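This report concerns only the one structure given below.
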Amino acid sequence: MGSGNDGVTELSEQGRQGDWYPFKVLWLGDATYKGIALVRGERIDALGSMHFSGRDQDQVPALRLTLNGWAFGGAAPGWREWNSYSWVQGPGCYAFRINGETFSRSVVIRVIKP
């Protein structure tokens, strides 16, 4: 996620749009799961929101991961992957909420300035 695998992501001026900073997220899912997953996010240490987008797409408040995720390339056998961007308005603590038909998970990250 972003520039690290330790739950910490650094903001970059590259791609910034107004007050919004993007960082790339690669989502991985078990290829045997046949449902849709909905990803939402928000800032949890202060007021703030998180948006999502694909490459060259408008920001949206939630991300739908559907069966058309790639099941080839860099993904290990048995896994599916989706590329996306998450957008935040500054450093802070953020949570992703991932809901599927048979599961619900939260992932917390810290976003910092370089």
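Derivation of every value follows stated rules applied to the coordinates shown; laboratory data play no part. All values derive from a computational prediction rather than experimental measurement. Neighbour counts run over all protein chains shown; Cβ positions are idealised from the backbone, glycine included.
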Legend entry - Exposed-site-free run, longest, the chain (rule: trypsin sites (Lys or Arg not before Pro); DSSP loop; at most 15 other C-beta within 10 Å): 56-114
Inset, instruction - Mind jotting down a quarter of the surface of the convex hull over the alpha carbons of the chain, in square nanometres, one decimal? - result: 7.3
Legend entry - Whole-Hz couplings from phi, Karplus 6.51/-1.76/1.60, listed for the stretch 96-112; x for Gly and Pro: 8, 10, 10, 10, x, 5, 10, 7, 8, 9, 10, 10, 9, 10, 10, 9, 10
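Rank these for me by crowding, Y33, Y94, going from fewest to most other beta carbons within 10 Å. Write out the running numbers ahead of the final one.
Numbers: Y33 15, Y94 21.
Fewest to most other Cβ atoms nearby, the residues stand as Y33, Y94.
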Inset, instruction - Among L26, L11, L63, L47, rank each residue by its count of other Cβ atoms within 10 Å, from fewest to most, as a rough exposure measure. - result: L47, L26, L11, L63
Legend entry - Cα-projected label distance for D30 with N99, points at 7 Å along beta-carbon direction, nm: 2.1
